[in-house]
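> Can you keep this structure in mind? I'll have questions shortly.
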Amino acid sequence: MEFIQNGIPETNSTSVKCVCAINPNCASQAVIVSPGANYQVFDNLTYNVSGWVRTCQTTDSLLLSTLEHFYIDSDSFPFFIYSLGATFINFGILSQSPLNTKHIAYNPSISRFPPNTPISIIVKELMVEQWNLSLSYEDFYKACAPMYCSYPKTIRKNSFIEVIVVIVSMMGGIVVLWRILTHPVVKFILRSVKRTYRNPRETEPGNSVFDQIQHSWSLI
């Protein structure tokens, strides 16, 4: 049994000096090998793809690479187009080659990304060449102001048992309060009645006990 470890081979060589399992940051110059006898002019040739990096992960290869080989001053662009066309023909995507593709002409007055800009930088800038700095809060408010606002609100409702418990608790509290207040109130009333009996001058002769209690209550 033989384990084949994934790695990045050296340019113009089949030997692998960087193994992805040991070093996930392996990288080398990407190349294009001649597709075969269909293009005799490029047969047995290997072209370096300018700015294109080969790494262990496809996403890393894309983000670390540039678009230099698509520009007009790239030497590998013609061979890249012919190789791409041959690949499409082999998979039955195209019936003839070459592809009708033109170079990209870099114009500093139009694009702020030079040809050697990594794709990761372009993606980080959201592929935007220039931001419109014209700000208008009124226009933003007119475009985004809602006609009405709504939001959910959860209201907790007590069950029947919880309502009964609350009522019983309130009644129990009233009973306890009444028990606490009854003794001092009765004691105060009796004390007032005793004062009335001790001061016969303040009590009119012939008054009943009820009249005396009523008179004492009015003095409170």
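The values are calculated or read from the model by the stated rules, or taken from the named source; none is laboratory data. Owing to the predicted nature of the structure, the values given are computational and were not obtained by experimental measurement. Ideal geometry is used to build each Cβ from the backbone, glycine not excepted, and the neighbour counts take in all protein chains shown.
> Can you tell me how many residues within region 42-62 are part of a loop (DSSP other than H, G, I, E, B) and at pLDDT 75 or above?
Within region 42-62, the first condition is being part of a loop (DSSP other than H, G, I, E, B), and the residues that meet it are 43-45, 56-57.
If we keep only those that are at pLDDT 75 or above too, we end up with 56-57.
Within region 42-62, residues that are part of a loop (DSSP other than H, G, I, E, B) and at pLDDT 75 or above number 2.
> Only one residue in PHE140, PHE160 is surrounded by 10 or more Cβ atoms within 10 Å (Cβ to Cβ) and aromatic (Phe, Trp, Tyr), so which one is that? Outline the logic, then answer.
Values: PHE160 fails: surrounded by 10 or more Cβ atoms within 10 Å (Cβ to Cβ).
Sole residue among the options that is surrounded by 10 or more Cβ atoms within 10 Å (Cβ to Cβ) and aromatic (Phe, Trp, Tyr): PHE140.
> Here is a list: VAL165, VAL123, VAL128. Which entry is closer than 30 Å to TYR71 by Cβ and assigned to a helix (DSSP H, G or I)? Give the steps one after another, and end with the answer.
On the way: VAL165 fails: closer than 30 Å to TYR71 by Cβ; VAL128 fails: assigned to a helix (DSSP H, G or I).
The unique qualifying residue is VAL123.
> Would you confirm, using the coordinates I've provided, whether VAL185 is over 60 Å from the mean Cα position of the chain (by Cα) and modelled with pLDDT of 80 or more? Step through it out loud before you land on a result.
Details: over 60 Å from the mean Cα position of the chain (by Cα): yes; modelled with pLDDT of 80 or more: yes.
Yes; evaluated as a whole, the condition is true for this residue.
> Specify which of the listed residues (SER65, SER15, SER74, SER109) is in contact with a strand residue (DSSP E or B) (Cβ under 9 Å, 6 or more places away or on another chain) and at pLDDT 75 or above.
On the way: SER15 fails: at pLDDT 75 or above; SER74 fails: at pLDDT 75 or above; SER109 fails: in contact with a strand residue (DSSP E or B) (Cβ under 9 Å, 6 or more places away or on another chain).
Only one candidate qualifies: SER65.
> Only one of (1) at pLDDT 75 or above; (2) out of contact with any helix residue (DSSP H, G or I) (no Cβ under 8 Å at 6 or more places or on another chain) is not met by GLY85, so which one is it?
(1)
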